[in-house]
Amino acid sequence: MLTLKKVWNYALLWSSFQISRIAGRPILWGNPTTLSIEPTTSCNLRCPECPSGLRSFTRPTGMLQDQLFEKVIDQVKGHLTWLHLYFQGEPFLNPRFLEMVRYADQQGIFTSTSTNAHYLGEKQVGEVLQSGLKQLIVSMDGITQEVYQDYRIGGSFEKVQHGLSLLLAERKKAKQDFPRVILQFLVTGKNEQQIPSLKTWAKEIGVDELQLKTTQIYDFENGSDLIPSDLGFSRYVPIGNGKWKIKKKIENKCWRMWQGAVVTWDGKVVPCCFDKDAAHVMGELKADSMESIWKSIPYFNFRKQLLADRTQIEICKNCTE
C-alpha cells in the first residue's frame, strides 16, 4: 500500500525531526504518516489502569460517526501509511466500525485495530475477513479465567479463546494472509508466572506474533502489585523507601510528535495516545483540516516545549517514548 508520495512524506518527516533535535526548535516538513482514530470510548470491561474501564473520562464520551471519519480519511489518504482504528474503548462496540475499516482499505490505507476479542462470533469473523483489516491486536493478559479476569475485569477467557480460534480457522480456510493477528500480553505482577505457558499456548493456537508488553501504572511512584517482580518486564524500578521511578531517562525528544496524531471520536486532534483525557487539544476536525491543525501554532508550541523540557508536560512524565 506504499506509494512514492507516502515514502517521500515519511522521509520529510524523519529528516525534519532529526534537524529539529539538533536545532532545538521545531521544524516540520510533511504531513502525518500515521493516525489513531477512536471509534468509541465505550467498553464492556473494567480494566483498572484504563479510563474506559474506570469510566473516569472528564471529556465527552460517544461513538465516531462515519461522516466525520470519511471526511478525515479523504484528507489524509495521500500521505497516510498506517491507520490504527483505536484509542480508548472497544472498537467493535461501534456498529459502523468494520464499514470504516473497509472505507479506509479502499482508499489504500493499511488498517489496524486493538480489541479485547469479546465480539468475534461467526458473523463478525466473516465481516472482519471481508473488511480488508490488515492487523488485529488482541489484548489478553492471562491464560486462565482466574488470572485473566483479575485485570480484564468482567471478561471471559473462554470467549476470547473461542473467538480467536474461530478467526484463525476461518482465515486459514479462506486462504487469506490478513488480518495478521498479534496477541498482546500486558505483563503484571499477577500474571508473569504464566509467560512460559502463554508462549506454548500462543504457538498452538497459531497467532502470527506474541508481544509481551510492559504495563503503564498511573501512580507508580508508590509502587503497585501490578509491577512485575521481573523488572525486565517493568517500566519502573525501585529507588528505596518504597518509592519507584521510571526506568529509562526521559529525553527532550519524541518522534511521535512528527510521525502522527490521535483523533478522538468527536474530531478533536490530540498529540498522542498518552493524552487519554484530551487535555492537549491541537484543533478540531469539524472546523479545520488535518493539515492546518498539524501545522498550527498550538502544535508548534507543543513541539517546542517538548524539545525544551519534556518534564513540564504532564502526559510526558510517565513515558519514555
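The values are calculated or read from the model by the stated rules, or taken from the named source; none is laboratory data. Bear in mind the structure is a predicted one, so any value in this text is a computation, not a measurement. Please note: Cβ atoms are built from the backbone with ideal geometry, for glycine as well, and neighbour counts cover all protein chains shown. With ligands, DNA and RNA removed, areas are computed over all heavy atoms of the protein, side chains included. Shrake-Rupley method; radii C 1.70, N 1.55, O 1.52, S 1.80 Å.
Kindly indicate the residue of segment 17-27 that is without any contact (Cβ under 8 Å) to a residue 40 or more places away in the chain and open to solvent by 40 Å² or more (accessible area, probe 1.4 Å) and also nearest to the chain's Cα centre (by Cα) among those meeting that condition.
Within segment 17-27, the match that is nearest to the chain's Cα centre (by Cα) is Q18.
Check off (1) open to solvent by 30 Å² or more (accessible area, probe 1.4 Å); (2) under 17 Å from L164 (Cα atoms); (3) touching a helix residue (DSSP H, G or I) at 6+ places or on another chain (Cβ under 8 Å) for Q75 and give me the number that stays unchecked.
(2)
Out of curiosity, is N31 farther than 22 Å from A261 by Cβ and of a type outside the set (D, E)?
In short, no.
Starting from segment 223-237, take each residue that is at positive phi and list its partners that are surrounded by 20 or more Cβ atoms within 10 Å (Cβ to Cβ) and in a loop (DSSP other than H, G, I, E, B), counting only C-beta distances under 9 angstrom and pairs at least six apart or across chains.
Qualifying pairs under 9 Å: G223/I217.
If you go through segment 171-223, how many residues are open to solvent by less than 50 Å² (accessible area, probe 1.4 Å) and in a helix (DSSP H, G or I)?
Residues flagged as open to solvent by less than 50 Å² (accessible area, probe 1.4 Å) and in a helix (DSSP H, G or I) within segment 171-223 amount to 9.
Against the definition (surrounded by 19 or more Cβ atoms within 10 Å (Cβ to Cβ), modelled with pLDDT of 95 or more and over 17 Å from the mean Cα position of the chain (by Cα)), how does G30 come out, yes or no?
Yes; evaluated as a whole, the condition is true for this residue.
Inside segment 224-273, can you point out the residues that are assigned to a helix (DSSP H, G or I), surrounded by 20 or more Cβ atoms within 10 Å (Cβ to Cβ) and in contact with a Pro (Cβ under 8 Å, 6 or more places away or on another chain)?
Matches in segment 224-273: M257 only.
Scan segment 290-302 and tell me whether some residue there is among the basic types (K, R) and over 24 Å from C50 (Cα atoms).
Scanning segment 290-302, I find at least one residue that is among the basic types (K, R) and over 24 Å from C50 (Cα atoms), so the answer is yes.
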